[in-house]
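Undergrad: Encoded as structure tokens, here's the structure I'll be asking about.
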Amino acid sequence: MRLWVGLGNPEPGMARQRHNIGFMAIDTIAIRHGFSPWRQRFKGWVADGVLGGEKILALKPATYMNASGESVQAAASFFKLAVEDITAFHDELDLAPGRVRVKRGGGAAGHNGLRSMDRMLGTPDYWRVRLGIGHPGHKDRVTGHVLGDFAKLDRDWLLPLLDSVADAAALLAQGKPEDFMTKVALLTQDAR
């Protein structure tokens, strides 16, 4: 079993914020691949399904971004998952809008959801699907940028990105992150 975590904030008024692109990606994957209905568990919402022959537990923590690790740790502990079976889908300032990178481990780079996961899991050695939202240009504008809603023009790249991540998700489940990134790039090249 693999645990795929979408990072975001649970309030309905925050649903369209850039910081919630992780929730958006996990929702799109769950819908596209016929996962079970969402239900409350592990201080969040879970849905499960099968992708690329692998059982996937999708998790959206309801603990708010800064305490995401509490929900992740509860689910990982219950299922006795190794840290390498956990993948976090999150917003990434240092990637251009619509770009995707997958990596294992690394620093939190100021991302409070990742920082919380590192603290609760005791290691940063889980997988990350970094979903580019772009940088606002100056560090003083970062908070407003990530907590701001996607603009209407962003839909031109955001919706194709979310669809492409869902279309390529089986490759990620099969442990083929390079193939996943290549397929997402090919599927989204016209949208950028």
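Undergrad: Roughly what % of DSSP beta bridges within the chain run antiparallel, to the nearest 5?
TA: 55
Undergrad: Arranged by the count of other C-beta atoms within 10 angstrom, fewest first, what order do Asp156, Asp140 take?
TA: Fewest-to-most ranking of Asp156, Asp140: Asp140, Asp156.
Undergrad: Taking the Cα centroid of segment 136-169 and of segment 40-88, what is the distance between the two, rounded to the nearest whole Å?
TA: Cα centroid of segment 136-169 versus Cα centroid of segment 40-88: 23 Å apart.
Undergrad: Straight distance only, please: which lysines reach the Cα of Lys55 with their own Cα at less than 29 Å, same-chain residues fewer than 8 apart left out?
TA: Lys43, Lys80, Lys103, Lys176, Lys183
Undergrad: Please give me the summed charge of the neighbours of Glu84: other residues whose Cβ is under 14 Å from its Cβ, Lys and Arg +1, Asp and Glu -1. Present the calculation step by step, with values, prior to reporting the outcome.
TA: Numbers: positive: Arg2, Lys80, Lys103, Arg104, Arg128; negative: Glu54, Asp85, Asp125.
Net charge around Glu84: +2.
Undergrad: Can you bin segment 1-150 into rounded, prolate or oblate? Criterion: square roots of the alpha carbon gyration tensor eigenvalues sorted a ≥ b ≥ c, rounded for a/c under 1.5, prolate for a/b above b/c, oblate for the rest.
TA: It comes out prolate by the Cα gyration axes.
Undergrad: Might you report the magnitude of the Cβ-based charge dipole of the chain about its Cα centre, with Lys and Arg at +1 and Asp and Glu at -1, to the nearest 20 debye? Present the calculation step by step, with values, prior to reporting the outcome.
TA: Numbers: 25 positive and 21 negative charges, 41 e Å.
Its charge dipole is roughly 200 debye.
Undergrad: Also: Quote the relative contact order of segment 99-181 in percent (integer), defining contacts as alpha-carbon pairs under 8 Å separated by 6+ residues.
TA: Details: 51 pairs, mean separation 26.0, N = 83.
Computed over segment 99-181, the figure is 31 percent.
Undergrad: On to the next question. What residue among Pro136, Gly69, Ala25 has its Cα farthest toward the positive end of the dipole of the chain, where the charges are +1 on Lys, Arg and -1 on Asp, Glu, each on the Cβ?
TA: Projecting each Cα onto the dipole axis, the largest value belongs to Gly69.
Undergrad: When Leu114, Leu95, Leu153 are ordered from fewest to most other Cβ atoms inside 10 Å of their Cβ, what list results?
TA: On the way: Leu114 23, Leu95 16, Leu153 9.
Taking fewest neighbouring Cβ atoms as first place, the list is Leu153, Leu95, Leu114.
Undergrad: Taking the Cα of Met14, stepping 7 Å toward and past its beta carbon, and measuring to each backbone N in segment 59-101: which are under 11 Å?
TA: From segment 59-101, the list is 61-68.
Undergrad: If I take every Cα pair under 8 Å that is 6 or more residues apart in the chain, average their sequence separation and divide by the length, what percent do I get for the relative contact order?
TA: 26
Quick note: the coordinates plus some simple rules give every number you see, no bench work behind them. It should be emphasised that the depicted structure is a prediction, and the values quoted were computed from it without experimental measurement. Heads up, the Cβs are rebuilt from the backbone with ideal geometry, glycines too, and the neighbour counts pull from every protein chain shown.
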